[in-house]
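A.B. asks: Take this structure, written in structure tokens, and hold onto it; I'll ask about it next.
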Amino acid sequence: MRIPLIAGNWKMYKTSAEAAAFAEEFKKLYHDTDVRAAICAPYTQLETLVKAFAGTGIGVGAQNVYFEKEGAFTGEISVDMLKEIGVDYCIVGHSERRQYFNETDQSVNRKLKALLETEICPILCVGEVLEEREAGRETEIVSGQVRAALDGISAEKAERIVIAYEPVWAIGTGKTATPEQAGEMCACIRQTLETLYDDVVSDKIIIQYGGSVKPENAADIMNMEEIDGALVGGASLDPSKFIEIINF
Ligand code: 13P
């Protein structure tokens with residue numbers, strides 16, 4: 001039985017004061033549900049959120065990490081640094097990092113391996129760009145990203161990864177994939193996992209959808225059989241919208 005995960009990705013929004021205000025408001029609205037909830041925040045807000053959400057069941061995640069243990073890597077943050085703060089999740093391979101910060105399938109793979117040495121749960125993002133979808137190449141692209149990301153990762157470790165299918169053309173555009181399109185692609189990811197491992201493993205892995213998820217479309221998307229939650233950008237910045245999505 002897969003427990004859905006609905007995670008907010010704040011991207012580069014909110015100061016610490018704004019994060020603290022969000023947490024206070026959100027805690028008042030949040031009640032235990034059948035889904036897991038988490039917020040993935042900028043590094044400087046992580047400690048504030050971990051403290052604010054302690055004992056509530058609401059998880060906290062980072063949006064990136066570097067794969068080396070330590071060293072002369074100016075500006076980077078290691079897995080151990082995240083672990084010390086007490087984060088539960090870490091996004092890896094978001095399309096914005098692939099697009100603007102030279103994230104590659106290889107660096108994604110190394111980041112996953114580094115995170116899987118700890119208890120931190122990686123949220124691996126995959127998704128095609130518009131031209132790839134228009135060329136009918138979406139399944140080839142996405143299953144290729146999944147294969148490359150999981151290269152050399154054991155079944156036991158792979159089971160702990162959350163995968164977020166985020167079509168790039170649906171991110172921040174207001175253009176959501178239809179529930180059928182999202183469901184098909186999540187099924188394709190599960191199929192890829194079955195080929196890489198087996199059906200027992202592929203059945204356990206949480207596969208989210210991300211891209212313009214909002215209170216109005218959350219239920220339709222998350223009621224699809226293959227979709228186990230959502231990675232929510234813009235709508236996670238507002239406590240009342242985010243709680244509506246969680247309580248879909
Ligand atoms: P939006 O929900 O703002 O489209 O962002 C989606 C996303 O990139 C989540 O990681």
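The values are calculated or read from the model by the stated rules, or taken from the named source; none is laboratory data. The shown structure was predicted, so the numbers you read here are calculated from the model rather than taken from an experiment. As a convention, Cβ positions derive from the backbone with ideal geometry for all residues, glycine included, and neighbour counts pool all protein chains shown. In case anyone asks, the SASA skips ligands and DNA or RNA and just uses the protein heavy atoms, side chains included. Shrake-Rupley method; radii C 1.70, N 1.55, O 1.52, S 1.80 Å.
A.B. asks: Suppose we filter ARG110, ARG147, ARG160 for residues that are open to solvent by 60 Å² or more (accessible area, probe 1.4 Å), outside any helix (DSSP H, G or I) and either touching a strand residue (DSSP E or B) at 6+ places or on another chain (Cβ under 8 Å) or modelled with pLDDT of 95 or more (or both); which single one remains?
C.D. replies: Every option except ARG160 fails the conditions.
A.B. asks: Go through segment 32-60 residue by residue and tally those that are loosely packed, with under 13 Cβ neighbours inside 10 Å and either within 16 Å of GLU84 (Cα to Cα) or without any contact (Cβ under 8 Å) to a residue 24 or more places away in the chain (or both).
C.D. replies: Total meeting the criteria: 3.
A.B. asks: Could you please find all residues in segment 201-243 being under 29 Å from ALA20 (Cα atoms), open to solvent by 30 Å² or more (accessible area, probe 1.4 Å), assigned to a helix (DSSP H, G or I) and of a type outside the set (Lys, Arg)?
C.D. replies: Scanning segment 201-243 gives GLU216, ALA219, GLY234, LEU237, SER240.
A.B. asks: Of all residues in segment 219-245, count the ones that are over 27 Å from LEU150 (Cβ atoms) and either within 11 Å of the ligand (Cβ to nearest atom) or touching a Ser or Thr at 6+ places or on another chain (Cβ under 6 Å) (or both).
C.D. replies: Total satisfying the criteria: 6.
A.B. asks: Among the residues of segment 195-245, write down those that are aromatic (Phe, Trp, Tyr) and closer than 20 Å to HIS94 by Cβ.
C.D. replies: The answer is TYR209, PHE242.
A.B. asks: Between residues in segment 136-149 that are in contact (Cβ under 8 Å) with a residue 40 or more places away in the chain and residues that are among the aromatic types (Phe, Trp, Tyr), which pairs lie under 9 Å by C-beta distance while being six or more apart or on different chains?
C.D. replies: VAL142/TYR165
A.B. asks: Can I ask one more? Regarding segment 61-77, can at least one residue be identified that is within 16 Å of the ligand (Cβ to nearest atom) and in contact (Cβ under 8 Å) with a residue 60 or more places away in the chain?
C.D. replies: Yes: one or more hits.
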